[in-house]
Amino acid sequence: MWTFIYQLLLLLAYPWMRLRLRLRARREPAYGERVAERFGHVPAGIPKGCIWFHTVSAGETIAAAPLIADLAAAHPDIPCLVTTMTPTGSDQVQARLGDRVHHCYAPYDFRGAVERFYAAVEPRLLILMETELWPNLIAGAAARGVPVVLVNGRLSARSAAGYRRLGALTRRMLERLTCIACQYPDHAERFIALGAPRERVAALGSVKFDVALPDHHAERVAALRVRWQFGDAPVWIAASTHPGEEALALAAHREIRSRMPGARLILVPRHPARTAEVLALCRAEGCPVGRHSVVDTADQVAGIVLVDEMGVLLDYYALAGAAFVGGSFVPVGGHNPIEPALCGVPVVMGPQVFNFTDVVEVFRAERCLEIVERPEALAPLVAAWLGDTHGRAAAGARARAVVAANTGATARLRALLEAQFAAVGIAACGSAGDGSGAAAAGLAPRRPAGAESARGVE
């Protein structure tokens, strides 16, 4: 019954999806481009018989790029296709993988669109990142004998409850997956409870812990420090913010400045398309505002720096003494706290962190991430970190140590995927990481390690 209802809802949603693309394109013109790809019309030049990676948006693409690049280099004769759903994801494919892979948008889950896509691409293997579970996409693979592997999988309690309401539709979809490589054991157990066969589910850690600082990072950070004339001023960052959170960050900054008149704020909206809206909020504060994309004489006096471009967040994190990670005061579920931790910056988040529960808990256990339940608590905590040089440095060192203790998921997934490649007739090439991935299918559950004790999160 649920399958019939799902197909009916898709049929009814078709006109709305077309309209939604047009409306979104008014604010983000890239959504008005390449629309045919979203309905299964594959652009010329995409080869048949590829290995297909689906990475959704910018965050998943950034996390998956080293793994994809590694596999593409090890198998140069096998074409790789990387699909996304968002223009920002598309941009990251081009920036990080370039001509090593082919790229287009993935089809929406309309049956006709999915069938057109499969007929044009004829993939040998489909690798999904995180929780991109679409019934028609997976059913189409099953009908063609295409193995489907979910890697870096995550499933929050909230998402699991939603899938549970779909009953047999969810169970049938999960039964069709060849393997599910989750980030943590709790996520694995949720997949199993929804109907995934236990023997196909592994917990291998999160590839997001394998993030590395880019080349020339220190030089770029130094240049930004000079550009904005930060000197020894106390600087904090509010990153990946959503509507409503910029106003909270600006209110917190007013309070921080009342305690520390020289304090500076770096504000990074999650979506650069909202720049005009956020810029108006910043200017209403009455202090000079600088934009990353605009170089002018106001740079040296900017009290608020608005970052309106993708790809520079790690540089700006390294300038800050404390970081607020957004999506956590609104019901988005929070964004990735690993990047500021990699830069040695203590983190504060709001209460809505259900997308990163396990990651947040391990940082909290090591006292380098704090959760504040109310926006009013943000300013006092940030000000306390900015005013405590020794305590801030110690918390930052613990944050870096947590990241270092949890690396290795990319190597384990490489081993797992090499086994899947072999199953579809692609010979293994070279070493496959630490050998602990698929051979044992990575079936030993892993929990995120603490910074010093390497203890699990219970």
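The numbers here are math on the coordinates, done by the rules we state, and not lab data. None of the values given here were measured: they were computed from a predicted structure. Please note: Cβ atoms are built from the backbone with ideal geometry, for glycine as well, and neighbour counts cover all protein chains shown.
Observations, loosely collected:
- Tilt relative to the chain, helix 389-405 - C-alpha long axis, 0 to 90 degrees, to 10: 10 degrees
- A simple charge model with +1 on the Cβ of Lys and Arg, -1 on the Cβ of Asp and Glu and nothing else charged puts the dipole of the chain at about 1060 debye relative to its Cα centre.
- For the chain: rounded, prolate or oblate by the Cα gyration tensor [a/c cutoff 1.5]: prolate
- Distance between modelled label sites at residue 374 and residue 9, nm, 7 Å Cα→Cβ extension: 3.8 nm
- Dipole magnitude of the stretch 217-405, debye to nearest 20 (Cβ charges: Lys/Arg +1, Asp/Glu -1, about Cα centre): 260 debye
- Cα shape, the stretch 367-407, gyration tensor, a/c 1.5 rule: oblate
- Estimated distance in nm for a label pair at residue 296 and residue 394, the labels positioned 7 Å out from Cα along Cα-to-Cβ: 4.5 nm
- What separates the Cα centres of the stretch 166-219 and the stretch 313-381 is a distance of 22 Å.
- Helix 87-96 and the longest principal axis of the C-alpha atoms of the chain enclose an angle of approximately 90°.
- ³J(HN,Hα), Karplus 6.51/-1.76/1.60, whole Hz, each residue of the stretch 113-121, x for Gly, Pro: 4, 5, 5, 4, 4, 4, 5, 7, 9
- The Cα atoms of the stretch 154-201 give a gyration tensor whose axes a ≥ b ≥ c have a/c of 1.5 or more with a/b no greater than b/c, which makes the shape oblate.
- For the stretch 272-379, the dipole from Cβ point charges (+1 on Lys and Arg, -1 on Asp and Glu) about the Cα centre works out to 140 debye, to the nearest 20.
- Working ranking of peptides 311-320, 382-391, 2-11, 121-130 by packing, defined as the average number of other Cβ atoms within 10 Å per residue, highest first, is 121-130, 311-320, 382-391, 2-11.
- Positive-pole candidate from 222, 336, 240, dipole of the stretch 217-405, charges at beta carbon: 222
- Placed amide H near residue 53: partners under 5 Å, 5+ positions off or other chain: 81, 82, 83, 127
- Note on the chain: dipole from Cβ charges, positive end direction compared against 185, 43, 407; the farthest Cα belongs to 43.
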